[in-house]
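Please treat every number below as a calculation from the coordinates, not as lab data. Predicted model, so just to flag it, every value in this text is computed and none were measured. Backbone-built Cβ (ideal geometry, glycine too); neighbour counts: all protein chains shown.
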Amino acid sequence: MTQVLLPGLLPSDAAPPGWTALALSPLLVLVGVTGVGKSTALATLGGPAGQVLPDRREVTDAVMIRSLSAGPVTDREERFRLTARYREQHPGGMAQALGGLAADPQVWPGPLIFDGLRGLDEVQYAAQHYPSWRFVSLHAPDVVRVRRLLGRADHFDRVEVQLDAAPLLQQLQALTGSAAVFWPDDLQQLAALAQEGHRPDDILAKTRIVLSERLNYDPAAARAALSALPPERVLDLDTVALSPAEVAARLEAWR
């Protein structure tokens with residue numbers, strides 16, 4: 001494995017004696033695609049009650065992309081392409097990358113929390129290979145996820161888009177995978193976001209991010225796989241039906 005440039009983390013086969021293999025640690029792992037409410041969950045789980053490991057983006061950069069690219073990659077769609085290449089050789093994807101690391105107990109005494117896993121292959125791999133890991137599965141409809149991306153102003157949420165003279169609805173309909181992910185009414189709702197003050201190019205870009213992610217990871221399949229685990233290993237949270245306070249309360253009661 002490529003040497004990992006993350007604080008207090010190394011490949012297990014290169015770690016000094018006394019370091020803790022994450023594969024054997026009782027990790028609490030958030031599962032969900034972009035915009036499902038993982039930040040709300042982390043706000044509850046972090047602090048004195050738990051240490052949040054470097055997140056998916058950081059592990060992706062240090063383990064996956066660093067082995068496939070000559071430099072940093074910021075475009076979300078290009079990152080999806082590179083991580084897909086990584087998964088061709090490592091079918092467990094992020095679960096396999098994370099499980100191959102060991103932690104310095106002086107830096108990471110725990111309890112440890114990771115944000116996060118996505119898709120069927122990752123959760124199946126994690127559930128089967130790392131029996132000490134527990135999972136918090138978060139989900140929200142794709143239209144809600146686009147709206148949340150528009151509202152959070154994260155510099156990471158960017159792709160290159162070329163807005164043309166066609167109506168926004170037509171451009172949304174023309175996006176690769178659009179018809180497979182969104183119902184016609186969904187696309188109407190997304191186009192109508194321009195009337196709420198959102199820039200059309202931003203709506204198009206955030207929709208492309210959601211589409212690219214959905215074409216690489218199937219959240220419904222991941223959720224179904226997790227539902228087969230015993231209840232002490234998985235907590236399922238609908239972040240639309242539940243308020244942030246209710247999400248926090250259920251997390252506190254479960255963990």
Calculating Rg and Dmax of the Cα atoms in Å from this structure picks out, from (i) 30.1, 91; (ii) 27.2, 84; (iii) 18.7, 62, entry (iii)
Karplus ³J(HN,Hα) for the range 103-111 (6.51 cos²θ - 1.76 cosθ + 1.60, θ = phi - 60°; Hz, whole; x = Gly/Pro) runs 10, 6, x, 6, 8, 10, x, x, x
Other residues with Cβ under 11 Å from the Cβ of Pro111 give, with Lys and Arg +1 and Asp and Glu -1, a net charge of +2
Note to self, the chain gives a 222 nm [θ] from helices alone (DSSP H runs n ≥ 4, -39500 (n - 2.57) apiece, / all residues, nearest 500) of -12500 deg cm²/dmol
For the range 29-44, in residue order, the Karplus 3J(HN,Hα) values (coefficients 6.51, -1.76, 1.60; θ = phi - 60°; whole Hz; Gly and Pro = x) are 10, 7, 10, x, 7, 4, x, 9, x, 5, 4, 4, 5, 5, 4, 7
Of Glu196, Glu58, Glu213, the most mobile residue in a GNM of the chain (C-alpha springs, cutoff 10 Å) is Glu196
Sorting Gly18, Val107, Pro184 by the position of each Cα along the dipole of the chain (Lys, Arg +1; Asp, Glu -1; all at Cβ), the one nearest the positive end of that ordering is Gly18
Out of Leu98, Leu237, Leu24, a Gaussian network model of the chain with alpha-carbon springs under 10 Å gives the largest mean-square fluctuation to Leu24
Toy charge model, Lys and Arg Cβ at +1, Asp and Glu Cβ at -1: the chain dipole around Cα centroid in debye, rounded to 20, equals 220
Going residue by residue through the range 146-152, the Karplus relation 6.51 cos²θ - 1.76 cosθ + 1.60 with θ = phi - 60° gives ³J(HN,Hα) values, rounded to whole Hz and with x marking Gly or Pro, of 4, 4, 5, 4, 5, x, 9
If each K or R counts +1 and each D or E counts -1, the residues other than Asp186 whose Cβ falls under 14 Å of its Cβ total +2
Quick numbers on the range 192-255, Rg and Dmax over C-alpha atoms in Å, give 16.5, 45
Computed curve, the range 109-255, Cα-only Debye sum without solvent term, log₁₀ I(q)/I(0) at 0.11 Å⁻¹, is -0.51
Rounded to the nearest 5, the percent of antiparallel DSSP beta bridges in the range 1-139 equals 40
